[in-house]
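The values are calculated or read from the model by the stated rules, or taken from the named source; none is laboratory data. Because the structure is a prediction, the values reported are computed rather than measured. FYI the Cβ positions are ideal-geometry reconstructions off the backbone, even for glycines, and counts take in every protein chain you see. All accessible areas refer to the heavy atoms of the entire protein, side chains included, with ligands and DNA or RNA removed. Shrake-Rupley method; radii C 1.70, N 1.55, O 1.52, S 1.80 Å.
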Amino acid sequence: MTTESWDLLWTDVHLATMQPGGEAYGAIRNGALAVTGNRIAWLGPRSALPDAPQRLAHEVRDGQGRWLLPGLIDCHTHAVYGGSRIAEFEQRLTGVSYEEIARAGGGILATVKATRDADEAELLRTAVERLRHLRDEGVTTVEIKSGYGLTTDDEMKMLRVARAAGAALSMDVRTTFLGAHALPPEYRDRRDAYVTLVCDEMLPRIAEAGLADAVDVYCERIAFSAAETDRILHAARAVGLAVKLHADQLSDGGGAGLVAAHRGLSADHLEYTSEQGVAAMAEADTVAVLLPGAFYTLRETKLPPVELFRRYRVPMALATDLNPGSSPVRSLLLMLNMGCTLFGLTPEEALAGVTRNAARALGLRDRGVLEVGARADLTLWRIESPAELGYHVGGTPLPEVIRA
Ligand code: DI6
Ligand code: FE
């Protein structure tokens with residue numbers, strides 16, 4: 001043996017490192033990549049390997065000209081929930097709007113009832129069934145929110161199930177507490193009391209139990225106001241949790257500027273965000289998470305301000321928003337396609353949105369790009385070029401996946 005002894009070495013692979021600033025997709029054609037333990041140990045052109053492959057690693061694999069990418073990251077889902085909203089899908093197609101259904105006590109509140117009624121085993125079984133689709137597409141890290149429990153116990157139940165689903169599927173799950181997703185029916189005339197419950201009871205208990213990595217609020221005219229949101233984000237930061245926000249989806253409620261003022265990790269949706277909001281996000285290093293599945297499902301027409309995000313250099317991520325109402329989406333690859341076709345992203349921006357920038361939206365610095373020291377979450381694709389991942393509408397090739 002020479003000096004190196006890597007665990008595993010791929011040769012004859014094209015690398016899409018997703019590092020910015022150089023080749024498109026950070027590509028290294030005719031490359032090689034080595035892993036030791038659960039980290040990337042070396043990468044570069046095949047011709048730069050310091051010795052013959054067999055002398056460098058315990059195991060050498062021929063990549064057969066496939067493309068090697070980082071594991072994909074879905075940074076916004078509501079994958080744990082009870083029941084279904086298929087009847088609401090039928091209702092919307094007879095002309096009833098999402099907001100009308102929500103105001104009539106359906107929508108999120110219908111899922112709250114079904115989630116409260118479900119036990120942990122049932123919630124876990126159905127969440128695993130949904131997340132399996134993402135896993136098979138090469139998703140190695142997924143964020144999952146609570147928000148269909150809306151009592152301390154039911155929110156904690158959802159967060160435990162989210163973690164258990166990750167363990168069952170060998171996916172890395174990041175959990176987000178979304179107690180302020182809807183006003184529960186028992187608090188209908190006591191909004192302030194519910195916000196107080198979220199701030200003074202739910203947040204401290206969940207933080208103490210270590211069940212959440214971040215806190216989110218649905219800031220929208222059918223959910224929580226900017227002032228209520230501000231209270232909750234303050235309380236979240238007081239217990240040391242990172243914050244993010246469902247912002248400016250159906251109206252401009254100033255959500256982007258508000259979460260930026262709290263130095264939030266991300267602002268999500270953003271169809272109605274103003275230039276002022278975009279500028280605030282740029283200043284605070286807040287990632288724009290775009291959710292074309294919800295835009296498509298609700299047949300929205302107002303596009304998120306992609307050109308402003310580019311101009312202000314706000315990183316853009318893409319996610320499924322997997323939820324039973326506004327985004328029954330189980331394919332992150334389809335979001336690449338919709339991000340391009342509906343929102344006008346380039347295929348490279350779209351792919352950065354489910355790798356490098358999705359990692360940033362979760363505050364994770366150890367993944368999302370191929371570089372020495374990064375987690376060895378890898379996907380190997382038999383594709384012509386990385387753009388192909390956003391090209392097909394259904395039937396996209398599936399990867400071989402290596403998980404840390
Ligand atoms: N994310 C959400 O939390 C809500 N909309 C969205 O894009 C609603 C989810 C739901 O309808 O259950
Ligand atoms: Fe959402």
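Residue count for the stretch 207-242, restricted to those that are within 22 Å of ALA267 (Cβ to Cβ), open to solvent by 20 Å² or more (accessible area, probe 1.4 Å) and either of a type outside the set (A, V, I, L, M) or in contact with a strand residue (DSSP E or B) (Cβ under 6 Å, 6 or more places away or on another chain) (or both): 11.
The sole residue among GLN64, GLN54 that is open to solvent by 40 Å² or more (accessible area, probe 1.4 Å), part of a strand (DSSP E or B) and touching a strand residue (DSSP E or B) at 6+ places or on another chain (Cβ under 7 Å) is GLN64.
Residues that are at pLDDT 95 or above, within 16 Å of ligand 2 (Cβ to nearest atom), outside any helix (DSSP H, G or I) and not small (Gly, Ala, Ser) within the stretch 223-263 comprise PHE224, VAL243, LYS244, LEU245, HIS246, ASP248, GLN249, listed in sequence order. Looking only at the stretch 80-115, residues that are among the acidic types (Asp, Glu) and within 11 Å of ligand 1 (Cβ to nearest atom) come to 2 in all. Restricted to the stretch 150-165, and to residues there that are touching a Gly at 6+ places or on another chain (Cβ under 8 Å) and of a type outside the set (A, V, I, L, M, F, W, C), the residue that is farthest from LEU245 (Cα to Cα) is LYS157. Figure legend. Inter-residue proximity from the stretch 244-259: first residues not assigned by TED's automatic domain parsing to the domain that holds PHE177, second residues open to solvent by less than 10 Å² (accessible area, probe 1.4 Å), beta-carbon distance below 8 Å, spacing 6+ or different chains. No pairs are indicated.
Counting only helices (runs of 4 or more DSSP H) that sit completely within the stretch 318-385, those holding 1 or more residues that are more than 16 Å from ligand 1 (Cβ to nearest atom) and polar (S, T, N, Q) correspond to 332-341, 356-361.
If you go through the stretch 339-377 and keep only what is touching a Pro at 6+ places or on another chain (Cβ under 7 Å) and either among the hydrophobic types (A, V, I, L, M, F, W, C) or farther than 18 Å from ALA27 by Cβ (or both), you end up with GLY339, CYS340, LEU342, PHE343, LEU351, ARG360, ARG367, VAL369, LEU370, ASP377. Scanning the stretch 255-272 for residues that are open to solvent by 10 Å² or more (accessible area, probe 1.4 Å) and polar (S, T, N, Q) yields no hits at all.
Condition check for MET335 on (1) within 26 Å of THR115 (Cβ to Cβ); (2) open to solvent by 10 Å² or more (accessible area, probe 1.4 Å): one failure, at (2). Among the residues of the stretch 82-100, are any open to solvent by less than 10 Å² (accessible area, probe 1.4 Å) and more than 26 Å from LEU15 (Cβ to Cβ)? Within the stretch 82-100 (the criterion being open to solvent by less than 10 Å² (accessible area, probe 1.4 Å) and more than 26 Å from LEU15 (Cβ to Cβ)), the answer is yes, since at least one residue qualifies.
What about GLY105, is it in contact with a helix residue (DSSP H, G or I) (Cβ under 9 Å, 6 or more places away or on another chain), away from ligand 2 (no atom under 16 Å from the Cβ), open to solvent by less than 20 Å² (accessible area, probe 1.4 Å) and in a loop (DSSP other than H, G, I, E, B)? Taking the combined requirement at face value, the residue does not satisfy it.
Can you find a residue that is open to solvent by 10 Å² or more (accessible area, probe 1.4 Å), of a type in the set (A, V, I, L, M, F, W, C) and without any contact (Cβ under 8 Å) to a residue 60 or more places away in the chain anywhere in the stretch 380-389? Write out each step before concluding.
Filtering the stretch 380-389 for residues open to solvent by 10 Å² or more (accessible area, probe 1.4 Å) gives 382-385, 387-388.
Applying the additional criterion that residues be of a type in the set (A, V, I, L, M, F, W, C) yields 383, 387.
From what is left, the residues that are without any contact (Cβ under 8 Å) to a residue 60 or more places away in the chain are 387.
Within the stretch 380-389, one or more residues are open to solvent by 10 Å² or more (accessible area, probe 1.4 Å), of a type in the set (A, V, I, L, M, F, W, C) and without any contact (Cβ under 8 Å) to a residue 60 or more places away in the chain.
Annotation: of all residues in the stretch 305-323 being more than 9 Å from ligand 2 (Cβ to nearest atom) and buried (at least 24 other Cβ atoms within 10 Å of the Cβ), the one that is nearest to ALA282 (Cα to Cα) is VAL314. In the stretch 243-254, of all residues being within 15 Å of ligand 1 (Cβ to nearest atom) and small (Gly, Ala, Ser), the one that is most open to solvent (accessible area, probe 1.4 Å) corresponds to GLY253.
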